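The values are calculated or read from the model by the stated rules, or taken from the named source; none is laboratory data. Because the structure is predicted, anything quoted here is derived from the model rather than measured. Please note: Cβ atoms are built from the backbone with ideal geometry, for glycine as well, and neighbour counts cover all protein chains shown.
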Amino acid sequence: MRRWLQIGALVAALTAASAASADTIDVNGVKRSYTVQLPAKRLVPLVVALHGKTQRGADMVARTAWPQVAKREGFAVVFPDGLNHAWADARTKAGPALRGPPPGTDDVAFITKLIEKLVADGTADPKRVYVTGVSNGGAMAMTLVCARADLFAAGASVIMNLTEEAAVTCHPSRPLPMLLMNGTADPLVPYEGGRGSSYFAADGFWSTEETLTFWRKLNGCEIDDAGASDMPDRAPAEQSTVTRISSRCPTGHDVVLYRINHGGHRMPGFSPDARFPKIAARLLGPQNGDIDGAETIWTFFKQFP
């Protein structure tokens, strides 16, 4: 057991950042923290970027390109912190030795109140609010789209699939454009579904194909792929490639999958997503360097005001 606790601590440290969030908001009597990056302009698009389990919002700041993309494109981005470094998404079963947030945590209420605050103070354009997340954050992003589609213009989930438990509770008030980005060699959230090969993996995941079909059905799309295009292999050394799979959907209901061939439980990026890349590669699989996750997701989001 000590060995697994040590490995758990190592996984938690892979993307740890040193800075703590300074901003807080009260949600049902609980102080919730977040980091927000604001442009000089007011009434701008807002991206809510949700970290993975064992992480904090500061890890998304330090280990993704969201701050750089937001600065260049002039939108606001907020990095909320999950309690116990986790999100209370629609699933109730977590992998062994990885605890979730305290019982009764309402993260839908937290993110809703955070968005309402940034809209009320004139920062965010309520018609251009987007949500994305990585791993547990990806599950939370899908939970938010299911529960509060009225708040968002589009959503994106990285390295996460639905479960039966999450799917049966998903009844969005309207269709939203959705982007999925999953690796075929993910040891935690298996591309083909079921339980991953990692000790920390949970069971019961749908396959990426089933998850993609679910969102296509919700959005009124045809079930079959509209087409698949291979992205340029810009980083051949990591032996991972990307295939973009599109859908035939009504206008504004787009569903897209970026399949990371031989990619692990990692967000693609032009820079390392972990403090210790070699250890991360051994535990989580390879990180793709052909595309950048934040760049790709923002290119998708900005089509949908």
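Values for this structure:
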item: Neighbours by Cβ (under 6 Å, 6+ apart or cross-chain): first from region 113-142, touching a residue at least 24 places away in the same chain (Cβ under 8 Å); second among the polar types (S, T, N, Q) and crowded, with 20+ Cβ neighbours inside 10 Å; result: GLY138/SER157; ALA141/THR132; ALA141/SER157; MET142/SER157
item: Single residue of region 249-274 satisfying the filter (at pLDDT below 95 and touching a helix residue (DSSP H, G or I) at 6+ places or on another chain (Cβ under 7 Å)) that is surrounded by the most Cβ atoms within 10 Å (Cβ to Cβ); result: ASP273
item: Subset of region 147-175 (residues that are of a type outside the set (D, E, K, R), buried (at least 17 other Cβ atoms within 10 Å of the Cβ), without any contact (Cβ under 8 Å) to a residue 60 or more places away in the chain and part of a loop (DSSP other than H, G, I, E, B)); result: PHE152, MET160, ASN161, LEU162, PRO172
item: Scan of region 176-227 for residues that are assigned to a loop (DSSP other than H, G, I, E, B), crowded, with 21+ Cβ neighbours inside 10 Å, at pLDDT 95 or above and over 18 Å from the mean Cα position of the chain (by Cα), ordered by number; result: CYS221
item: Candidate set from region 246-298 (those that are in a loop (DSSP other than H, G, I, E, B) and of a type in the set (S, T, N, Q)); member that is farthest from ARG56 (Cα to Cα); result: THR251
item: Conditions (1) within 30 Å of VAL129 (Cβ to Cβ); (2) touching a strand residue (DSSP E or B) at 6+ places or on another chain (Cβ under 7 Å); number of the one not met by ALA166; result: (2)
item: Scan of region 275-305 for residues that are at pLDDT below 95, more than 18 Å from ASP233 (Cβ to Cβ) and crowded, with 21+ Cβ neighbours inside 10 Å, ordered by number; result: ALA280, LEU284
item: Top-ranked residue in region 58-91 [being charged (D, E, K, R) and in contact with an Asp or Glu (Cβ under 7 Å, 6 or more places away or on another chain); ranked as nearest to LEU144 (Cα to Cα)]; result: ARG91
item: Matching residues in region 228-239 - criterion: being surrounded by fewer than 13 Cβ atoms within 10 Å (Cβ to Cβ) and modelled with pLDDT of 95 or more; result: ALA228, SER229, ASP230, PRO232
item: Breaking point among (1) among the aliphatic types (A, V, I, L, M); (2) crowded, with 18+ Cβ neighbours inside 10 Å; (3) in contact with a helix residue (DSSP H, G or I) (Cβ under 8 Å, 6 or more places away or on another chain), for VAL242; result: (3)
item: Residues that are touching a strand residue (DSSP E or B) at 6+ places or on another chain (Cβ under 7 Å) and of a type in the set (Asp, Glu), drawn from region 223-248; result: ASP225, ASP230, ASP233
item: Options THR132, THR123: the member that is hydroxyl-bearing (Ser, Thr, Tyr), under 20 Å from ASP150 (Cβ atoms) and surrounded by fewer than 20 Cβ atoms within 10 Å (Cβ to Cβ); result: THR123
item: Residue within region 206-219 that is of a type in the set (D, E, K, R), in contact with a strand residue (DSSP E or B) (Cβ under 7 Å, 6 or more places away or on another chain) and either touching a residue at least 12 places away in the same chain (Cβ under 8 Å) or closer than 14 Å to ILE260 by Cα (or both) present; result: yes
item: Selected residue (criterion: modelled with the lowest pLDDT) from residues of region 69-90 that are assigned to a loop (DSSP other than H, G, I, E, B) and of a type in the set (A, V, I, L, M, F, W, C); result: ALA90
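So that you can scan it fast, the table gives a plain yes or no per residue for (1) over 16 Å from the mean Cα position of the chain (by Cα); (2) within 22 Å of ARG275 (Cβ to Cβ):
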position	(1), (2)
VAL47	no, no
LEU50	no, yes
GLN55	no, yes
ALA70	yes, no
GLU73	yes, no
VAL77	no, yes
ASP81	no, yes
ASP89	no, no
